[in-house]
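J.: Take this structure first; my questions come after.
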Amino acid sequence: MKKLFLCTCNGTLNKLLDFTKIGKEVKALYDVVEVVDNLCLEEGLTKLEKGLSEDDRLAIGACSSQIIGVPMKQRIKNDLVTFVPLREQVGWVHVEEKESATNKAIVLLSDASVQLDHMESPTEFTESVVDRVLVMGGGIAGLKAASDLHRLGVEVTLLEPSGQNNERYLQTSVFMSDTDTLINELQAIQKTLKKVERFEGTFGEVTGQTGSYDVTLNGVNGNEKIREYGAIIVASGNQQYLPRSAKKMRHGKSERVVTLDSLMSRLKKKRAKESSTILVAVDFDAPMFSVEGSHLLRSTRNLATRGYTIIVVHSDIRTEDENLYREARDSGVIFIRGKVTRIRENEKGLTCRIENTLESMEREVIADLVAIPQMVGPVNETALLADKLGVDCDNNGFIRTRYSKMKPVQTSRRGIFVAGGAKMPMSLSDAMASAQNAVLEAFKVVRSPLTRSGWIPVIDDEQCDVCKACLEACPNDALRLMDDRIVHVPAHCEFCGICVSACPTRAIEFQSHRKESWFARFEAVATTHRRLEGKKPFSFVFACSECANASIDQAGFAGKQYGTGSYVIQFPCAGMVSPIEILKGLVVGAEHVIVAHCPPGGCHHQTGDHLSELVVSFTRDMLREIGQDPERVQATYMIAAMPEKMQKEVPVRG
Amino acid sequence: MSKAIEYTYFPGCMIPFRLPHFELTMREVLSRLNIELVADEGHSCCPEPTTFTGVDFEAWLTVGARNIAVSESTGRDTMALCSGCFHTLAMVGHTLQSDSKTRERINKRLKRIGMEATGEVTVKNILHVLHEDVGLDKIRKSIVQPLKDISIAAHYGCHLVRPIEATHMDDAEDPMWMEDLIEVTGAKPVDYPDKMACCGAPISPSDEPKSFVLAADKLRKIRDAGADAIVLVCPTCYTQMEMQQKKAIEHLGPEFSLPVLYLGEMMALAMGMSDLVVNNARRYHRVKLQPLLEKMGVGK
Amino acid sequence: MNIDSLNTSRFLRNDFKPRLARCELIAVTPTSISSDLEFRNWILKQPEGETLLRCYQCGRCTSACPIAEIDHSFNPRLFLEKVILADESLAENQLIWTCLTCEQCEVRCPEHVKIPQILILAKVRGLVSGNTPETALDRARSILSQGRTIQVSEPMLKTRDKMGLPSLGNPPVKQLAKALKELGLAEKLENIKSIYGGDGDE
Amino acid sequence: MGDTVVVVGAGLAGIQVSHQLADLGLKVHLVEKEATVGGLSAHLGKVFPTDDCALCLDACEELFSGHHRRCQYRSLLGNQKKLNLHTLTEIKSIKQDGGRFSVSLKTTPRYVMLDRCVVCLECINVCDVEVPDEMNLGRVMRKAIYRSIPQGVPLAPVIDMNSCTKCTKCVDVCKVGAIDLEQRSKTRTIKADAVVLATGVEERSPSILPGYAYGLCKDVLTQRELARLLDSTGATNGKVLTASGKQVESVTMILCAGSRDLNAIDYCSQACCTYSLKHAIMLREQGVGVTICYMDLRVPLHSHSFLERARESDVTFVRGKPDHVIVHEGSPVTIVEDTEALKRLEIESDLVVLASPLVPHAAEKEVFNSFLGDYGFAARHDAPKGIYACGTATGPTDIPASVAEANAVALEVYMALKGGA
């Protein structure tokens, strides 16, 4: 049976909406229509529970904030449920227009009825996972991750490049912290690492999915190892580079021009007589990481303390520890904000010309040595490794994380995590924290079988001409080519539907959101609207269920009023919207179609914001070609922090 | 009456030999508060902190340390009326105390004349003595002629207050001790922008025009804040803002003048010793005091 | 470690344009920084001179300075930069005598640099070259010869007497001379010719 | 070993660590002294590096299993099985008791019962009392029963008893009986096996800092206050106006206003450069001229796009630390030396915005004193005491670093209580 429960929200919504009219209008669409006062409270929930049997299809017209969350999930076992947010998206945003608001509610409830007709039960999966993790360690973060996983009782393989030993670890981590702290940490970790399997070699290839990746590792002496891992942690670490300005600083041409680190290790052994004045030339044009800054300050402080005259020519000093900067100055390091423009060598030493921005003049200094601080970047192999793993890099060559604010270690591929400097250069404590993050995520993957439930894409093999557009489009590697067929990998699927809009032959349809379902719903909206509102224009807002929908809810809370002729249709992700849906929207009579997505770069499924912009721009081109007004189709982003967006973007005032 | 409290008086040069009415009024005020200043202990010039430091800083420290040594030998707290003297003594004392290297170096020189300075002597300025040692309550009791209906702005001058770790004043940015005293005399303290701005005097030897720009700016701000008079303690500031006032405000436009009182004068007026002030008014004040005194109802 | 193997665009972007374009270069030929940093090291050894090291050139002193407000060539921050770079031309610059020693800069300095003191030290270095106002020299001579900065006149002593103020005696000038002998100040003062010319006020 | 954890402070880090611990099967009590969660970030509206909501706080496993990534306001923290949220609750004491902690809590009344309120907001409509809304710089009024920000979680309103007249209009209008004006403070003690401090930071009030005219001139604001003006749910609908209601045309920002300063806070607050740039860009989008006075621009690489965008949008950068702000004809004038041009500037603008240092919450200091180190910040893991800390409680930092730290601490707590040899 198809049932509708309406909530008056403590008797307040009926001041804004005419529930009698609503009841009358939708009576024909549902088998049961019931109006409750407090659906979200115990008494309302009980009523709901009693009024339902397990195979009922259910529509709820209520608020969006109190009801959609856990209470509903905990109390209702029904699969086929849809919500119409009558409070935040209708009543509260159309307070001045009771009649039109009521009509809008009726339209949306008619839409809900059609939606229920097309709704399918979600598909459920359970997959076993391998309780073993591969850590690709280049340095301290890799060691820490392996050590912690081992302590958690997870089997670990630590893959290390050849020739890795404590000396090398220290060398490659020199910029992270002062040496003593580094040695202490390293020793502490090494203790717990004794029982961990360590493999010297390189990464070969990977197939499979989160929970069970098949990995080939190539050993240094030609041996090959094939193993199954539940999760992979990439901790390939950093490498130091010469800045671009090094050549100009005569690095490689003069023996007196050296890197700061090589100078440090040289002077550790003995005090160089000839080196009383050392000019440290920082590349003025490249922004500095704060770890690089701290390393620069530590090194120069140590040199100055030992009696050398140190002149640092620099741009902005970046460090996470202001006291380091203070100590460096206290120990006598001379800081010149500016740029070294020329270095000439003669018998006296190196004559260096400096543009001092804070004096607006040029200075010349004769230095015995010029030291060049190296920059920290990803190891050379990172790009290759990322390619093999199928994860993305950012434009600095570091491994990109899914969502820089909240997802510190998740790569673009599920079950693969990044720790330490492979993401960006980090101080020792940040790298340790980063390793712990990766361990936490990997642990959550491998500790129990993977169960998932949701509407999934269904591929029609006959329609599909294996163009692989969907493979390219799927941001989560949830579609794969196997035996000339496209297959779905549920373990990776996020149920976003981006593949649907990518398919040129519409061979992929999404459960519950098939093309016919959208068409029927749009038509239902259009006809009901016309019946109630006559010729008043209307528009569609195709909103993603994440940020855009949250923003529209927030418009309600913030009291941002907008026109009633705007019908919000929720899509799992804006990336699922294809030109077909947009055009259909126009065909049924909408004046405008607005596709609302997450903020740029902020799509919860990684690419939906960008894709929907592309789809809209493509559709606009099409409209222009056939002489239609392209302005009728718009794409925009909406976020909850900007509840005024709906007000700004809805052009049709009812 | 109990025995008077004694301070070693550090006379300096400016107050005793240029502006003796400073010493006169303050001695009278202090004696009413049962305080005696003991003079002639063998001090020399402090030496003054604004130019001599820049000629020979070591010599400044050495002469200053000798004065400290003299003070230490008296066994009393030392009080300087002049802000410059106070600043030098406080600074030198502070340096001797906190910088052992300098202390040793300087004392080597003093040894030749049979002296030694530790820097442990307490050097005070008049505000320490009045506000901290005597206390507002006691002063309030000695007020017989409250200065009603007039507003007075306090000018502290830089050397009295800064650096705070040597001067031990209440605040480097916004000291309030002088305002408290103004209030006790019955007058209304006036707050004005840039209270701690310099009067300009220190650079008058090298750049007189600029020094006057600063003085004029200061005077203008005080006038704009609605003060009837300024009260101050520093003889150099007095020279700049009182004796040179006419010269300083020449280019300021509309003619105005602002009476300047020495702290001792203000207190003497409130303690009923108006004769002391009136008798010296013509000789040591270039800005006419008469209208102000009339407003206060004294010295017809 | 091969620069060509770099795949990182961080090093290929010019985010930070040199800002020199904002101002004109004052000197056409660059001024050398002396390799022994003698001036700087001398300052560092003087009382409170070491606070110079803390300076990070934020410029708050200059924006706090009442002189800088009326004379844009007076720039305490720049003076400190010169001392940091051991540029002794500062000691010969008449501008340093425009410092009020009001310590407004020092009060606000975020790193507690004793700026007025450092300028005082620079002035001391300028004595040899005559960068001392005549008034300052006169006062110094007077202190050495009489123990006071100003002449004490007979009428004034009478006035004090009339006011009932106590006698203050005479400062022990000989003692002073003995204590100061090794500094050679008296000799120096005899030979110095102030570049300021004339005499100041007072 | 037991499995109960008390997390102090429901800012970003506190929420994150609580979600993670609950996901790992531990029992969490999340204690927040304010009426709503989110801490400082909730005031900031849009946040870097992603330029989206501060409220976007997904930490839980539901990310991949449902349709929604979690919005803070939708996740309904209080409804998670293993996670108990205590708002308006302060920690009175933490006592160590064998291997466990005995944490005593005091909950001040909200006067609105969370389990009854349906958030219909009728009570706010009927309330007659109006007081200046501190959340919006006192520039607009709010009721005695109110919600401080529309996105605040829990959504239910709270009554400010200092201004309430007990007229009972709200009680009468609430048909579900969710309002109880006689509610009393409650104390309770929780036995916990671990305590995580996520007490966060607040902006240090610049009124104690001389020179910048904060408090003297109403057009001298802090960055947080500017964020409230820029927020479209704020008093001015996102339009930036002066205190007198004039449209702002120019803004001067003073970075390190009291940071890196031995007279005030001697450390660098890490996050202010970036959020100042974020605000500068938002202001430029409104056509407002922006000048930023800085010493060193310290922008982490993941936020570098903000610096680039600020440069592209013609924000003027002046390298120099201003000494003071004077008020000229009602408008603030910033006095600063442009150290790269050797020029002392007097910059007139409609607003001056101070990037005030981020300091630990003053209120917490006493109870937690024995767990805190330099400047009142805590160590991430203070092993002998068994107390953990994360987020800005360990030192000022930006959101990504806070989140990473929260996750790391979640793992540490889990390993200490449940696993790990």
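J.: From A:344, A:337, grab the single residue that is closer than 30 Å to residue D:358 by Cα, in a strand (DSSP E or B) and open to solvent by 10 Å² or more (accessible area, probe 1.4 Å). Walk me through how you get there before you give the answer.
T.: Working: A:344 fails: closer than 30 Å to residue D:358 by Cα.
When all the criteria are applied, what remains is A:337.
J.: Using beta carbons and a limit of 6 Å, which pairs, at least six apart or on different chains, have the first residue in the range B:173-192 and in contact (Cβ under 8 Å) with a residue 60 or more places away in the chain and within 14 Å of residue B:225 (Cβ to Cβ) and the second one open to solvent by 10 Å² or more (accessible area, probe 1.4 Å) and not aromatic (Phe, Trp, Tyr)?
T.: Pairs found: B:182/B:189.
J.: From the list B:268, B:248, B:197, pick out the single residue that is of a type in the set (A, V, I, L, M), closer than 26 Å to residue B:173 by Cβ and modelled with pLDDT of 90 or more.
T.: Just a single option satisfies the conditions, and that option is B:197.
J.: Now, a different point. Could you please let me know if residue D:284 is within 12 Å of chain C (Cβ to nearest Cβ), surrounded by fewer than 21 Cβ atoms within 10 Å (Cβ to Cβ) and assigned to a helix (DSSP H, G or I)?
T.: no
J.: Here are some residues: C:178, C:193, C:188. Which one is at the interface with another protein chain (Cβ under 7 Å from one of its Cβ atoms) and either basic (Lys, Arg) or open to solvent by 10 Å² or more (accessible area, probe 1.4 Å) (or both)?
T.: C:178
This table checks each residue for (1) of a type in the set (Val, Ile, Thr); (2) within 8 Å of chain B (Cβ to nearest Cβ); (3) not in a helix (DSSP H, G or I).
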| site | (1), (2), (3) |
| --- | --- |
| C:100 | no, yes, yes |
| C:122 | no, no, no |
| C:136 | no, yes, no |
| C:145 | no, no, no |
| C:148 | no, yes, yes |
| C:161 | no, no, no |
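J.: Let me ask something else. Just wondering, is there one or more residues in the range A:528-535 that are of a type in the set (Asp, Glu) and touching a helix residue (DSSP H, G or I) at 6+ places or on another chain (Cβ under 7 Å)? Break it down into steps so the answer makes sense when it comes.
T.: So the first thing to find is which residues in the range A:528-535 are of a type in the set (Asp, Glu), and the list is A:533.
Now drop any that are not touching a helix residue (DSSP H, G or I) at 6+ places or on another chain (Cβ under 7 Å), which leaves A:533.
Yes: one or more hits.
J.: Mind checking whether some residue in the range A:180-192 is at pLDDT below 95 and over 30 Å from residue D:413 (Cα atoms)?
T.: no
J.: Does residue C:152 satisfy being farther than 30 Å from residue B:276 by Cβ and either part of a loop (DSSP other than H, G, I, E, B) or at pLDDT 95 or above (or both)?
T.: When the stated conditions are applied, residue C:152 does not pass them.
J.: Only one residue in D:79, D:84, D:125, D:162 is closer than 29 Å to residue A:438 by Cα, modelled with pLDDT of 85 or more and of a type outside the set (A, V, I, L, M, F, W, C), so which one is that?
T.: D:84
J.: From A:41, A:29, A:48, grab the single residue that is without any contact (Cβ under 8 Å) to a residue 12 or more places away in the chain, closer than 26 Å to residue A:549 by Cα and among the aliphatic types (A, V, I, L, M).
T.: A:41
J.: Hey, among C:78, C:157, which residue is in a helix (DSSP H, G or I), open to solvent by 20 Å² or more (accessible area, probe 1.4 Å), more than 7 Å from every other protein chain (Cβ to nearest Cβ) and out of contact with any strand residue (DSSP E or B) (no Cβ under 7 Å at 6 or more places or on another chain)?
T.: Details: C:78 fails: more than 7 Å from every other protein chain (Cβ to nearest Cβ).
Going through C:78, C:157 in turn, the sole match is C:157.
J.: Within the range A:247-266, can one find any residue that is at pLDDT below 90 and either open to solvent by 70 Å² or more (accessible area, probe 1.4 Å) or under 30 Å from residue A:478 (Cβ atoms) (or both)?
T.: yes
J.: Going by what's in this entry, would residue D:278 be described as more than 7 Å from every other protein chain (Cβ to nearest Cβ), basic (Lys, Arg) and within 20 Å of the chain's Cα centre (by Cα)?
T.: Yes.
J.: Checking residue C:69 against (1) under 22 Å from residue D:254 (Cα atoms); (2) open to solvent by 50 Å² or more (accessible area, probe 1.4 Å); (3) assigned to a loop (DSSP other than H, G, I, E, B), which test does it fail?
T.: Status for residue C:69: all satisfied but (3).
J.: Go through the range B:220-235 residue by residue and tally those that are surrounded by fewer than 24 Cβ atoms within 10 Å (Cβ to Cβ) and within 14 Å of chain C (Cβ to nearest Cβ).
T.: Going through the range B:220-235 one residue at a time, the tally reaches 2.
J.: Among residues belonging to the range A:7-35 that are more than 16 Å from residue D:119 (Cβ to Cβ) and within 14 Å of chain D (Cβ to nearest Cβ), point out the one that is modelled with the lowest pLDDT.
T.: Once the filter is applied, the top-ranked residue is A:14.
J.: Another question, then. Where in the range D:307-352 are there strands (runs of 3 or more DSSP E), lying fully within it, with 2 or more residues that are at the interface with chain C (Cβ under 9 Å from one of its Cβ atoms)?
T.: Working: elements: D:316-319, D:324-328, D:331-338, D:343-348.
In the range D:307-352, the matching strands (runs of 3 or more DSSP E) lie at D:316-319, D:331-338, D:343-348.
J.: Provide a single number: the residues in the range A:171-228 that are in a loop (DSSP other than H, G, I, E, B) and either surrounded by 14 or more Cβ atoms within 10 Å (Cβ to Cβ) or out of contact with any strand residue (DSSP E or B) (no Cβ under 9 Å at 6 or more places or on another chain) (or both).
T.: 13
J.: Still on this model: Across the range D:175-222, what is the number of residues that are within 14 Å of another protein chain (Cβ to nearest Cβ), open to solvent by less than 50 Å² (accessible area, probe 1.4 Å), under 26 Å from residue D:323 (Cβ atoms) and not in a loop (DSSP other than H, G, I, E, B)?
T.: Here the count works out to 1.
J.: Let me ask something additional. Given A:102, A:157, which one is in contact with an Asp or Glu (Cβ under 6 Å, 6 or more places away or on another chain) and under 13 Å from residue A:17 (Cα atoms)? Before you say what the answer is, go through the steps one by one.
T.: Values: A:157 fails: under 13 Å from residue A:17 (Cα atoms).
Exactly one of A:102, A:157 is in contact with an Asp or Glu (Cβ under 6 Å, 6 or more places away or on another chain) and under 13 Å from residue A:17 (Cα atoms), namely A:102.
J.: Out of the residues in the range C:81-98 that are outside any loop (DSSP other than H, G, I, E, B) and among the polar types (S, T, N, Q), which is farthest from the other protein chains (Cβ to nearest Cβ)?
T.: Here the answer is C:89.
J.: Give the range B:19-36 a look and list any residue that's open to solvent by 10 Å² or more (accessible area, probe 1.4 Å), in contact with a helix residue (DSSP H, G or I) (Cβ under 7 Å, 6 or more places away or on another chain) and either over 17 Å from residue B:264 (Cβ atoms) or at the interface with another protein chain (Cβ under 9 Å from one of its Cβ atoms) (or both), or say none.
T.: If the condition is that a residue be open to solvent by 10 Å² or more (accessible area, probe 1.4 Å), in contact with a helix residue (DSSP H, G or I) (Cβ under 7 Å, 6 or more places away or on another chain) and either over 17 Å from residue B:264 (Cβ atoms) or at the interface with another protein chain (Cβ under 9 Å from one of its Cβ atoms) (or both), then B:24 is the only one that fits.
J.: Quickly run through the range A:170-225 and pick out the residues that are of a type in the set (Gly, Ala, Ser) and either closer than 26 Å to residue A:425 by Cβ or within 32 Å of the chain's Cα centre (by Cα) (or both).
T.: A:173, A:177, A:188, A:201, A:204, A:208, A:211, A:212
J.: Right, another one. Sort out which residues of the range A:403-416 are surrounded by fewer than 23 Cβ atoms within 10 Å (Cβ to Cβ), more than 10 Å from chain D (Cβ to nearest Cβ) and touching a His at 6+ places or on another chain (Cβ under 9 Å), and write them in order of number.
T.: Residue satisfying the conditions is A:413 alone.
J.: Inspect all residues belonging to the range B:139-147 and state whether any of them is modelled with pLDDT under 95 and open to solvent by less than 20 Å² (accessible area, probe 1.4 Å).
T.: yes
J.: Let me ask something else about it. Inspect all residues belonging to the range A:348-363 and state whether any of them is more than 8 Å from chain C (Cβ to nearest Cβ), of a type in the set (Val, Ile, Thr) and either closer than 24 Å to residue A:217 by Cβ or open to solvent by 40 Å² or more (accessible area, probe 1.4 Å) (or both).
T.: Within the range A:348-363, none of the residues are more than 8 Å from chain C (Cβ to nearest Cβ), of a type in the set (Val, Ile, Thr) and either closer than 24 Å to residue A:217 by Cβ or open to solvent by 40 Å² or more (accessible area, probe 1.4 Å) (or both).
The values are calculated or read from the model by the stated rules, or taken from the named source; none is laboratory data. All values derive from a computational prediction rather than experimental measurement. Positions of Cβ are backbone-derived with ideal geometry, glycine not excepted, and every protein chain shown enters the neighbour counts. The protein model used for the area step is the full one, side chains on, heavy atoms only, and it has no ligands, DNA or RNA in it. Shrake-Rupley method; radii C 1.70, N 1.55, O 1.52, S 1.80 Å.
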